[in-house]
Amino acid sequence: MKLSKELKQLIISFSPSINPLLALCTCVSFIAANDKDTDNNSNEINKKRGLSIMAKMGTLVAAIERHAQGKISIEPKKDLSYAANFLYMLKEKMPSKKEERIFDVCLILTAEHDLNASTFAARVAVSTWSDLYSAIVAAIATLKGPLHGGASIKSIETFEKLASEMEGKKFCDKGCLKIVEDYVMETLSQHKRIMGIGHRVYKVKDPRAKILEKYAERTSSGNLLYFQIAKEIEKVMAKEKNLYPNLDYFSGIVYKSLSIPKRLYICIFAMARTSGWVAHIIEEYNDNRLIRPRSEYVGSKNRNYIPIEKR
Ligand code: COA
């Protein structure tokens, strides 16, 4: 889990306002650039590399965030679990057993999920016989978008926005329910999306969301407003669109209860998903054929060539 002196120097050279996911991508590239043997993609070497990258992800994310806060990075502790180590390195405070368990559940639920977009990107990279690090960089870059890893930030922002409009009211007030319903209907009428809802594969509620929902409810027992807003949006979306929450819908509420800054949510996704990426990368190396889909041309046909000077 420990970072080299050079890697720590790289992190402190970043602007504190850098997008943490891009910083993470740069750190993985830096680790690759310092590996003298990247052309060797044997199983044995890749398993070692994979373990090393998985171990370092949490340390990197914590160090990037601490630098953004103007604080020095914290060394991992040998006797802590991965989840506890991350929370400790982030806050310089030992997490409680309950916090450790909650975060561990979040990591487990996010760890692997067949051919999602970032995993597919990793497999495409490896299918060209590129190296493991480059495949992880491709995966992190693909995770960044709001239709994939970025959805958790967008959904908590929706809950925050609606909560601020409800200030001073009790959620059971009719006015509050109307604020939520109006928001959903307005968003849908503009053909925009409610983030954290819907899934390419699941046409029912994502089973991971069902587990996170329980944690979101328990961890927000002091202030249920975000959770109540989430449940109300869920109800309206089920009725209007027959679409249901995915993994990213409740995760922000849980992370908020652990005082994890919003900007780190996608980085945490990357930390957790690295185990899945590495497993897919190794599998692809062992049974590979170049992934090269065809595209279908649907433009106009039989066009004449017009010389440049006549255009
Ligand atoms: N809010 C509103 N409408 C949604 C929607 C959402 N969250 N998700 C899908 N739809 C609608 C689309 O607008 C489209 O409507 P139309 O047929 O009237 O044009 C229809 O459902 C199909 O959309 P499409 O993008 O083709 O479905 P998909 O199966 O490819 O979508 C997602 C999967 C995840 C990209 C999509 O549900 C989405 O954008 N969700 C929000 C982002 C998100 O939570 N991402 C994390 C995924 S784990």
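The values are calculated or read from the model by the stated rules, or taken from the named source; none is laboratory data. Quick caveat: nothing in here was measured; it's all calculated off a predicted structure. Quick reminder, even Gly has a Cβ in these numbers, built from the backbone with ideal geometry, and neighbours come from all protein chains shown. The protein model used for the area step is the full one, side chains on, heavy atoms only, and it has no ligands, DNA or RNA in it. Shrake-Rupley method; radii C 1.70, N 1.55, O 1.52, S 1.80 Å.
In region 190-268, counting only helices (runs of 4 or more DSSP H) that sit wholly within it, the ones holding 3 or more residues that are hydroxyl-bearing (Ser, Thr, Tyr) span 247-257.
So if I check each of 118, 73, which one is touching a helix residue (DSSP H, G or I) at 6+ places or on another chain (Cβ under 7 Å), farther than 15 Å from residue 259 by Cα, among the polar types (S, T, N, Q) and assigned to a loop (DSSP other than H, G, I, E, B)?
Answer to the selection: 73.
Yes/no per residue for (1) among the charged types (D, E, K, R); (2) in contact with a strand residue (DSSP E or B) (Cβ under 8 Å, 6 or more places away or on another chain); (3) closer than 21 Å to residue 122 by Cα:
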position: 30; (1), (2), (3): no, no, yes
position: 46; (1), (2), (3): no, no, yes
position: 63; (1), (2), (3): no, no, no
position: 71; (1), (2), (3): yes, no, no
position: 78; (1), (2), (3): yes, no, no
position: 82; (1), (2), (3): no, no, no
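Any chance region 183-192 includes a residue that's loosely packed, with under 13 Cβ neighbours inside 10 Å and either of a type in the set (Lys, Arg) or away from the ligand (no atom under 16 Å from the Cβ) (or both)?
Yes, that holds for at least one residue.
Counting only residues that are part of a loop (DSSP other than H, G, I, E, B) and among the polar types (S, T, N, Q), which one in region 123-139 is surrounded by the fewest Cβ atoms within 10 Å (Cβ to Cβ)? The qualifying residue surrounded by the fewest Cβ atoms within 10 Å (Cβ to Cβ) is 128.
Screening region 140-177 for residues that are near the ligand (Cβ under 10 Å from one of its atoms) and in a helix (DSSP H, G or I) and picking the one that is surrounded by the fewest Cβ atoms within 10 Å (Cβ to Cβ) gives 154. The residues on offer are 96, 73, and the sole one that is in contact (Cβ under 8 Å) with a residue 24 or more places away in the chain, open to solvent by less than 60 Å² (accessible area, probe 1.4 Å) and small (Gly, Ala, Ser) is 73.
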